[in-house]
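Here's the structure we're looking at; comments come further down.
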Amino acid sequence: MKLNSNFKNIKESYLFAEVAKRTCDYAKAHPDKKIIKLGIGDVTLPLAPAVIKAMHEAVDEMSKSETFKGYGPYEGYEFLRENIKNYYASFGVSVESDEIFVSDGAKSDLGNILDIFSKDNTVLVTDPVYPVYVDTNLMDGRKIVLANATEENGFLPMPDYSIKADIIYICSPNNPTGAAYTKVQLKEWVDYANKLGAVILYDAAYECFIEDNNLARSIFSVDGAKTCAIEFCSFSKMAGFTGTRCGYTVVPKALQCDGLNANKMWFRRQATKFNGTSYVVQKGAAAVFTKEGMKQIRENLGYYKRNAKLISDCMDRLKIWYTGGKNSPYIWIKCPNNMGSWEFFDYLLNNAQVVGTPGAGFGANGEGFFRLTAFGSKQSTQEAITRIEKLLGEL
Ligand code: PLP
């Protein structure tokens, strides 16, 4: 046998391991100090009561032969896909329920979707980037080119017609930078992709944080996107499903090339390699879209958004440049005094006992930047910004 030698090209992801190691070393050396973690990308609030109720009911259904469910549809239950379709309609986007595929989360779909694309496609990702896009393509041996996201372009690079790409990744609102494209800006990407005959893999995992109507909740709010884009979405950040696992992918029927239809191929791929998300979880996900469920998840999202505002207001007072914080749970700050990302990490840990994520871990353009997240508790976020303000105010 031969193992996939492309794995040799994947860098060891030492970012979160190194963050954990430095934090742990500091905690051991200073057992009296209380460390606050604003580095995590995981949610902290529990599932909404409406979701829990629906899941309990679904478990009870599983206990009786009359209501027991075995294998479900590969593409997800109709009740959930209908709800998702109506959710899209609520912000003015029309998708068909047979364009929606339910899964166990956006990360799996982002990796698995590559099964329907040829390995000789060239891939365009931003730098800095959510590492999954890079590593999944390196595993397949695809060539990767970079679009520079920088302070100058507000970490929102626009298409460059001198760069030829076949698969384009866009994440908006972005992880790690929190920056989000307007519909007008996305239209330029859609035009570029259609012109090139490329596909945009659009990661909308954080769409639920968008409040500004000029920003796109979905790439399908842009004319022309149905012929060039696939959208990935998740219940993880929207409804706290990081441990429960559910997401969905929208593959338009109009997306085709060389007599092949992406929607049909994705169905075929899922039918071959995936036996569906559990019934109990899909029932819980469907409850997110009930009146009660929506109200409850909006309260939770409001909680994280207020944390984001606490952090971004603090950066405003300190006159520190940042992206995100609004329409995003991430605040991507420029390290003060030209510190490097890791230098600032150590500085903040040693002097304020606050942990964030060094931007350099997301790509070369992340050097000199630092990611803070709004997913902590209100109390710890408040305490962290008090400490940060005191420390950086003295610089
Ligand atoms: N896409 C982005 C940009 C993310 O930040 C994350 C999780 O942090 C995911 C996708 C993964 O989502 P899921 O939990 O649905 O797999």
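Quick note: the coordinates plus some simple rules give every number you see, no bench work behind them. The structure presented is a predicted model; accordingly, all values stated were derived computationally and were not measured. Every residue, glycine as well, gets a Cβ built from its backbone with ideal geometry; the counts of neighbours run over all protein chains shown.
Using DSSP to define loop residues, name the GluC sites (Glu not before Pro) in region 187-223 whose beta-carbon has at most 13 other beta-carbon atoms within 10 Å.
GLU211
Whole Å is fine, so just give me how far the alpha carbon centre of region 181-231 lies from that of region 315-370.
28
Between the DSSP loop rule and a limit of at most 16 other Cβ atoms within 10 Å, which GluC sites (Glu not before Pro) in region 310-395 are left? Walk me through the numbers on the way to the answer.
Working: sites: GLU343, GLU367, GLU383, GLU389, GLU394; in loops: GLU367, GLU394.
Of the GluC sites (Glu not before Pro), the ones in loops of region 310-395 whose Cβ has at most 16 other Cβ atoms within 10 Å are GLU367, GLU394.
Give the separation of the Cα centroids, region 38-82 to region 84-140, in Å.
22
Quick one: among LYS334, LYS326, LYS273, which has the greatest mean-square fluctuation in a GNM of the chain with alpha-carbon springs under 10 angstrom?
Most flexible of the set in this elastic network: LYS273.
Please identify the trypsin sites (Lys or Arg not before Pro) of region 155-252 that satisfy two criteria: DSSP loop assignment and at most 15 other Cβ atoms within 10 Å. Which are they?
LYS164
Rounded to the nearest 20 debye, what is the charge dipole size of the chain about its Cα centre when +1 sits on each Lys and Arg Cβ and -1 on each Asp and Glu Cβ?
My answer is approximately 500 debye.
Within region 135-178, what residues put their amide N at less than 14 Å from the label point 7 Å along the Cα-to-Cβ vector of SER5?
Counting only backbone N, you get 141.
For LYS64 and HIS30 in the same chain, what is the full-extension length gain: residue separation times 0.36 nm, less their Cα-Cα distance, in nm?
In short, 6.8 nm is gained.
Suppose each label sits 7 Å from its Cα in the direction of the beta carbon; what would the GLU151-GLU211 distance come out to in nanometres?
2.7
Over the Cα atoms of region 49-289, compute the convex hull volume and normalise it per residue, giving Å³.
Taking only Cα atoms, region 49-289 has a hull volume of 124 Å³ per residue.
Roughly how many nanometres apart are two label points built 7 Å out from the Cα toward the Cβ at CYS257 and ILE52?
4.6
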